[in-house]
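The structure appears below as structure tokens.
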Amino acid sequence: MARLRIDNYAYAETPRLGPRGWLRWMWRQVTSMRVALILLLTLALAAIPGSVLPQWPQDAGNTRAFLDEYPFWGPVLDRLGFLDVFGSAWFTAIYLLLFASLIGCIIPRCLVYWRDLREPVPAAPSRLDRFEPVTATANQDARSVIWTTEQALSPSAFGELPGGRIALRRPRWWRWLADYRIRVDERPRRDTQADTELALSAHKGHVRELGNLIFHVSLVGILLAVAAGSVLTYRGQALIVEGDTFSNAVVAYDSYESGALFSEEQLSPWTLRLDRFDAVFGLDGNPDEFTAYTTLTEPGQEPRSVEAQVNRPIQVDGAKIYLQGNGYAPVFTVTDSEGNVAFEGAVPFLPQDAVYTSTGVLKVPDVTDGDQLGFSGTLLPTAMTEGAAATSLHPSPTNPVIYLEAFAGDLGLDNGVPQNVYELDESQLSPVRGDDGEPLVLVMEPGDTVELPDGLGSVTWESLPRFAAFDLRRDPSLPWLLAASVGALVGLSLSLFGTRRRLWLVAPVGQQGDADTTVVTAAAWAPAHDMGVREDLDRVLAQVTGKLMRREDS
């Protein structure tokens with residue numbers, strides 16, 4: 001009766017693996033190159049949802065909206081970790097298994113490669129006449145091509161062959177990678193015409209395996225750098241109006257995210273003041289140049305002037321501050337029904353098109369008495385009216401006009417639910433109406449003051465400064481990631497373009513036939529696509545022949 005147990009052996013007399021054997025078998029499977037490739041492909045596929053679906057760490061608001069839009073699939077995907085892919089348990093498991101697989105593959109191969117380098121080159125074959133002659137046509141189905149040739153040399157100078165280190169001469173720094181490893185033996189001959197023969201064996205191709213190992217080690221380095229960067233980095237976005245100062249603190253960022261091992265206490269307390277922002281546009285409205293002139297103050301140092309342009313970031317405390325965007329931030333002063341100043345400051349308007357038609361929201365919650373005020377506006381930098389429609393012709397503020405729609409009521413800021421500063425919640429607001437009973441739309445230019453109906457207060461447009469949007473990133477793993485990427489390219493190049501070649505030269509020592517000549521037999525092996533081995537063989541023979549013939553003439 002067959003027996004089937006957990007170790008999967010059906011015959012009683014067959015040795016069982018046991019728990020230790022099964023663990024060893026599973027480790028061998030995990031550390032096989034096949035499984036490593038499968039895990040690498042699985043990791044790439046697993047990262048796709050993180051790029052397609054909204055993620056909690058990157059955009060909590062958009063993720064919450066996704067859950068509201070899909071009441072069934074949203075919570076299901078959230079529970080399965082698809083809305084936080086890179087922090088999920090299953091993505092981490094794939095990542096760790098890939099690490100284990102690559103390291104388990106690389107370490108034994110490195111040890112084998114090191115032992116092979118320390119081993120002597122295999123001796124030359126005892127018979128070279130069994131190889132295809134150079135004049136023969138190579139079989140198209142063969143996996144390698146072999147050439148042989150013969151040269152006549154003087155026996156009186158042949159004693160220099162072993163000491164000559166026959167090899168292709170190359171620059172010294174390149175020899176270890178490109179030269180042949182050589183072995184020269186003096187051994188008994190198979191025939192009786194000479195007592196011994198000199199056999200040279202030259203092998204080349206260890207650089208291919210070296211490149212393969214460099215590539216895989218660099219791949220592990222890339223994975224380690226990416227993993228370290230995800231837990232040690234921080235990133236934030238901030239919008240600064242001309243004349244304002246930004247302090248490097250979490251509360252000052254418009255959005256902020258950091259790795260698990262980065263603490264807020266590690267932020268350096270530097271400040272950045274935006275002195276001026278210059279935007280140069282062509283006549284057709286296309287941007288020519290954006291420059292942010294700033295003053296950077298670091299702890300213990302004097303303030304210094306720095307400039308930021310597109311792709312020319314400011315560097316501070318190991319971080320880079322990139323110029324991400326720009327626009328206009330009109331300054332308003334709003335008084336309430338009691339005549340008190342309820343709001344005073346700049347309000348960023350976000351550009352919506354190439355001519356900087358911008359939209360913004362002004363919220364006035366701190367009124368002395370009565371309803372709160374809200375305004376939804378559209379800014380036209382170079383306004384032009386055609387009939388009932390108004391458009392902007394150019395991004396520069398040649399003729400700036402703002403259209404404000406006024407609202408009164410409850411802004412909803414006191415219910416504890418976060419709001420988008422660029423959106424106005426009109427659910428508890430009512431439009432302010434003019435004398436004609438229609439919703440009031442204020443048309444304003446810089447310096448204008450408009451009185452609101454029903455004694456609600458007034459609105460003054462003071463000035464039109466610009467703002468600059470900055471993106472700050474600090475990732476200490478980037479130098480290591482660059483080094484590992486370069487290493488991967490170098491290793492891949494060595495692996496692809498390195499050649500595997502074998503050269504053999506055999507020459508008798510002693511008398512053979514004609515006393516004035518000695519016959520040297522040479523052969524070479526290389527893969528079928530490598531035609532350069534013939535040139536190597538010719539150069540070696542020419543080098544040996546020339547050296548010995550010069551010795552004979554002297």
Q. Protein chains only, probe 1.4 Å: how do Phe497, Phe375 rank by accessible area, largest first?
A. Phe497, Phe375
Q: Summarise the accessible area of region 189-281 (1.4 Å probe, protein heavy atoms) by the percent that is carbon and sulfur.
A: 53
Q: Quick one: grab Rg to one decimal and Dmax as a whole number for region 18-79, Cα atoms only, in Å.
A: 18.6, 53
**Q.** For region 99-115 and region 427-441, distance of Cα centres in Å
**A.** 75
Q) Taking all pairs of different Cα atoms in region 384-487, averaging 1/r and flipping that mean, what Kirkwood radius in angstroms comes out? A) 18.5
Q) What does the charge add up to near Val361, with Lys and Arg as +1, Asp and Glu as -1, over the other residues with Cβ less than 11 Å from its Cβ? A) -3
Q: Mind listing the long-range amide H neighbours of Asn326? Cut-off is under 5 Å, sequence gap 5 or more, other chains count too, H placed in the peptide plane at 1.01 Å from N.
A: Ala469
(Q) For region 234-389, take every pair of Cα atoms, bin their distances at 5 Å starting from 0, and report each bin as a whole percent. (A) 2, 7, 13, 16, 16, 14, 13, 10, 6, 2, 1, 0
Q | Relative contact order of region 26-103, pairs being alpha-carbon contacts under 8 Å that are 6 or more residues apart, as % | A | 45
Q) In whole Å, what three semi-axes, largest first, describe the equivalent ellipsoid of region 17-123 built from its Cα gyration tensor (square root of 5 times each eigenvalue)? A) 43, 16, 9
**Q.** Accessible surface ranking that places the most exposed of Phe332, Phe86, Phe215 first, with a 1.4 angstrom probe
**A.** Phe86, Phe215, Phe332
Q.
With +1 assigned to the C-beta of every Lys and Arg and -1 to the C-beta of every Asp and Glu, and no other charges, what is the dipole magnitude of region 254-402 about the Cα centre in debye, to the nearest 20?
A. 380
Q: Work through the residues other than Ser495 whose Cβ is under 10 Å from its Cβ and net out their charges, Lys, Arg +1 and Asp, Glu -1.
A: 0
Q) Could you give the accessible area per residue of region 286-386, probe 1.4 Å, as a whole number in Å²? A) 47
Q.
Cut-off 20 Å, label point 7 angstrom out along Cα-to-Cβ of Asp288: give me the residues of region 334-375 whose amide nitrogen falls inside.
A. 354-356
Q: With the convex hull built on the Cα atoms of region 184-258, state its orientation-averaged projected area in nm².
A: 10.4
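The values are calculated or read from the model by the stated rules, or taken from the named source; none is laboratory data. Not measured: the values here are computed from a predicted model. Note that we place each Cβ from the backbone using ideal geometry, even for glycine, and neighbour counts take in every protein chain shown. Keep in mind that these areas ignore ligands, DNA and RNA; they rest on the heavy atoms of the full protein, side chains included. Shrake-Rupley method; radii C 1.70, N 1.55, O 1.52, S 1.80 Å.
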